[in-house]
Amino acid sequence: MLVSPTFSLSASDFDAIWLTLKLASLTTFLLLCLGMPVAWWLAHTRSWWKTFIEAMITLPLVLPPSVLGFYLLITLSPNGWLGGLWRDLSGNTLAFSFTGLVIGSMIYSVPFVVQPLQNAFEALGKRPLEVAASLRATPLDCFFTVVLPMCKRGLLTAITMSFAHTVGEFGVVLMIGGNISGKTQVISIAIYDHVERLEYGQAHLLSLLMLVFSFAVLLSVFLINRRWQVRV
Amino acid sequence: MLEGCFQFAQGKFNLSIDFKINVRGVTAIFGHSGSGKTTLLRCIAGLERAPQGYFTLNGECWQDESRQFFLPTHKRPIGYVFQEASLFPHLSVEENLRYGQRRIPDTQHKVAFADAVELLGLGYLLKRGSQNLSGGERQRVAIARALLTSPELLLMDEPLSALDDHSKTEILPYLEKLHAELAIPILYITHSLSEVMRLADYMLVLAQGKLLSSGRLSEVLTQIDLPFVQSDEAGVVLTATVTEHDTQYHLTYVSFHGEQLGMSLAPHLSIGSTVRVRVLARDVSIALINETHSSILNVLHGQITELVKDNRGQTLVKMLVFDTPVLAKITYKSSVLLNLQVGSWVYARVKGVVVV
């Protein structure tokens, strides 16, 4: 059977694009909220646990996504401890749900948020904090008015890397989210789906979209970083 | 009144210090590097927490480990000037200056923004980014920024040490103005005796984490058992009044308890103003009679209170001139030939008098 290539996106493709953006934004936002205190702690602690936690956080960088996805599937399934707890609390399952995807993406992208932030916090050193304290700034005040503005490059890197990495993930999502159109189907999986069905036209369109998007994001980050480098 | 004691161990270094000083004007904390000056200042600021520590300023307790009380830095009414200016790079000069000021209640504003800007000569810099300043400018901004929190105590950790000589001479007059025009007591760390002589009223001497001496500048500078008093830089600071400019001989005269002292013409000093003049021990010689056939014009009459011979053939003589101690460094041989004794009345002939 010959499939005539169509070069227009279907409703499910738009669903996938929307879902991908939603997933990446939510993951990035939640990871920043959780990752900042962790990175701060790692940058300042002398605890023995530091090395241990650092190794844990870096694991998603080296593990095959299938391994990560497999363990997540076990944990998130209604029989797993987290999935079971979630079902008891909310009545829904975690595996094959959007919430499950968010949890999986967060774990998958955690090193991309924590490492740039930790590096930025470490490079900042103690002096600006001491100056701020001598100028009556409480630690929280100092964090928002001195630390974050001075670490904006690290912050930008963390945000972009987390967003782009989530947009580009495939293996983990496939393992724990399956391929439910409109619910858990993200762009990367939609492309895979189109190729499987020999719908090369749509696969082309979506792939080009990803390529252009990723390049544009990286280019703007590098440009902004270059500008900030001159000032800082 | 500033009172405290700190026991602090950091690796091989031990700070163990107990002090009670009347803070008015500038108190210099003097010592070599590694003597614990910075650690002491950081303990006072609350940037370090000495496991055994106690500190009060004018009766207000900031730390008392006997009841585990420790006031964090941001709650202490201090200003701190670090060795490097440490301006916030993401803020303009004006925003840097306002950073601390905005964080204290209006009712506690004692130093007005315009006054601080004027005092440190920053008017032309306000709109600039804090990146494009010279070393001296940066440090002046840092000092004004600390002042604008209207501190009860200003702590300065070698604010000149990171600057080149040019910036140093640029900034010293501002520090003197600070001293003269503001009632904020200053603790000033330095390892430079000439900065001490120029700025300080009181002095603490530290060595190996211990307090060697503390007191009024003239007392500490002439305490013969202190190591730096044996050095070439040893000397005293006299407070004198400018009486006359003599343009014919290119001399300016100052009066010290009625004794005229001549020095190089300094026409910028106004008649009647009070100046600090430095008299180095090595520039003072001693005679038993006041002979007028000498090239040295400046003569002070005083009574010897101490004589110390070192092992290089030199004798340090301490004498009292109208209750003010003055040092003379002469050869041991001279002291023997003149038969100098504690209690002898002598004439100190002063070769060099310099305004500091």
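Using the charge dipole of the protein assembly as shown (Lys, Arg: +1 at Cβ; Asp, Glu: -1 at Cβ; taken about the Cα centre), state which of B:290, B:336, A:184 has its Cα farthest towards the positive end.
It is A:184, whose Cα lies furthest towards the positive end.
When a/c reaches 1.5 or more, the comparison of a/b and b/c decides; with that in mind, is region A:160-232 rounded, prolate or oblate per its Cα gyration tensor? Walk me through the numbers before you get to the answer.
Details: a/c = 4.46, a/b = 2.04, b/c = 2.18.
Note, shape of region A:160-232 comes out oblate.
Across 5 Å bins from the origin, how do the percents of Cα pairs in region A:11-231 run, short distances first?
1, 7, 12, 15, 17, 15, 12, 9, 6, 4, 1, 0, 0, 0
Report, to the nearest 10°, how far helix A:98-124 tilts away from the longest principal axis of the Cα atoms in chain A, using its own Cα long axis and a range of 0 to 90°.
That works out to roughly 30 degrees.
Rounded to the nearest 20 debye, what is the charge dipole size of the protein assembly as shown about its Cα centre when +1 sits on each Lys and Arg Cβ and -1 on each Asp and Glu Cβ? Don't skip to the answer; put the middle values down first.
On the way: 47 positive and 46 negative charges, 71 e Å.
Computed about the Cα centre, the dipole is about 340 debye.
Out of the trypsin sites (Lys or Arg not before Pro) in region B:1-88, which ones are loop residues according to DSSP with at most 15 other C-beta atoms within 10 Å? The partial results should precede the final answer.
Details: sites: B:12, B:20, B:24, B:37, B:42, B:49, B:67, B:75; in loops: B:12, B:24, B:49.
Listed in order of number, the matching sites are B:12, B:24, B:49.
How do B:19, B:69, A:7, B:228 rank when sorted from fewest to most other Cβ atoms within 10 Å of their own Cβ?
On the way: B:19 17, B:69 12, A:7 9, B:228 20.
By the 10 Å Cβ count, ascending, the order reads A:7, B:69, B:19, B:228.
Taking θ as phi - 60°, what are the ³J(HN,Hα) couplings along region A:37-44 by the Karplus curve (6.51, -1.76, 1.60), each to the nearest whole Hz, with x for Gly and Pro?
Karplus-based 3J(HN,Hα) across region A:37-44 equals x, 5, 4, 4, 4, 4, 6, 10 Hz.
In whole Å, how far is the Cα centre of region B:139-178 from that of region A:54-76?
54
To the nearest 20 Debye, how big is the dipole of chain A about its Cα centre, given +1 on the beta carbon of each Lys and Arg and -1 on that of each Asp and Glu? Let's see the in-between values first.
Details: 14 positive and 11 negative charges, 191 e Å.
Computed charge dipole of chain A: roughly 920 debye.
What FRET efficiency comes out for residue A:58 versus residue B:98 if R0 is 41 angstrom and r is the Cβ-Cβ distance? Round to the nearest 0.05.
Values: r = 42 Å, r/R0 = 1.01.
With R0 = 41 Å, the Cβ-Cβ based efficiency is 0.50.
What FRET efficiency do you get for residue B:22 and residue B:166 if R0 is 35 Å and r is their Cβ-Cβ distance, rounded to the nearest 0.05? Could you put the intermediate results ahead of the total?
Details: r = 35 Å, r/R0 = 1.01.
E(calc), rounded to 0.05, equals 0.50.
Give a quick list of trypsin sites (Lys or Arg not before Pro) in region B:301-356 that DSSP marks as loop, anything other than H, G, I, E or B, with at most 13 other Cβ atoms within 10 Å.
On the way: sites: B:309, B:312, B:318, B:329, B:333, B:349, B:351; in loops: B:312, B:351.
Those satisfying the criteria are B:312.
Which one of B:56, B:36, A:195 has its Cα pushed farthest toward the positive end of the charge dipole of the protein assembly as shown, where Lys and Arg give +1 and Asp and Glu give -1 at the Cβ?
Checking the options against the dipole of the protein assembly as shown, the answer is A:195.
How shielded is B:146-154 by partner chains, expressed as the average number of their Cβ atoms within 10 Å of its Cβ atoms? Could you put the intermediate results ahead of the total?
On the way: counts 3, 0, 1, 3, 0, 2, 0, 0, 0.
That works out to 1 on average.
Can you give me the angle between helix A:65-76 and the longest principal axis of chain A, using Cα atoms only, in degrees from 0 to 90, rounded to the nearest 10?
The angle comes out at about 90 degrees.
Between residue A:70 and residue B:10, what FRET efficiency follows from the Cβ-Cβ distance if R0 is 41 Å, with the result rounded to 0.05? Intermediate results must be reported in sequence, preceding the final value.
Values: r = 49 Å, r/R0 = 1.20.
Once the sixth-power term is evaluated, E becomes 0.25.
With label points built 7 Å along Cα→Cβ from the Cα atoms of residue B:32 and residue B:308, find their separation and express it in nm.
Label-label distance for residue B:32 and residue B:308, simple model: 1.6 nm.
Got a sec? Charge dipole of region A:11-231, +1 on Cβ for Lys and Arg, -1 for Asp and Glu; which of A:69, A:83, A:218 is way out at the positive end?
Projecting each Cα onto the dipole axis, the largest value belongs to A:218.
Given the Cα-Cα distance of residue B:354 and residue B:259 and 0.36 nm per residue of separation, how much length would full extension add, in nm?
Details: separation 95, 0.36 × 95 = 34.20 nm, distance 1.58 nm.
Fully extending the segment from residue B:354 to residue B:259 adds 32.6 nm.
Ranked highest first by average number of other Cβ atoms within 10 Å, how do A:195-204, B:206-215, B:26-35, B:89-98 line up? Walk me through the intermediate numbers first.
Working: A:195-204: 15.6, B:206-215: 17.9, B:26-35: 21.6, B:89-98: 19.7.
Ranked by mean Cβ neighbours within 10 Å, highest first: B:26-35, B:89-98, B:206-215, A:195-204.
Read the figures in this text as sums done on the coordinates, not as results from a lab. From a predicted model like this one, the values you see are computed outputs, not experimental measurements. Positions of Cβ are generated from backbone atoms using ideal geometry, with glycine treated the same way; all protein chains shown enter the neighbour counts.
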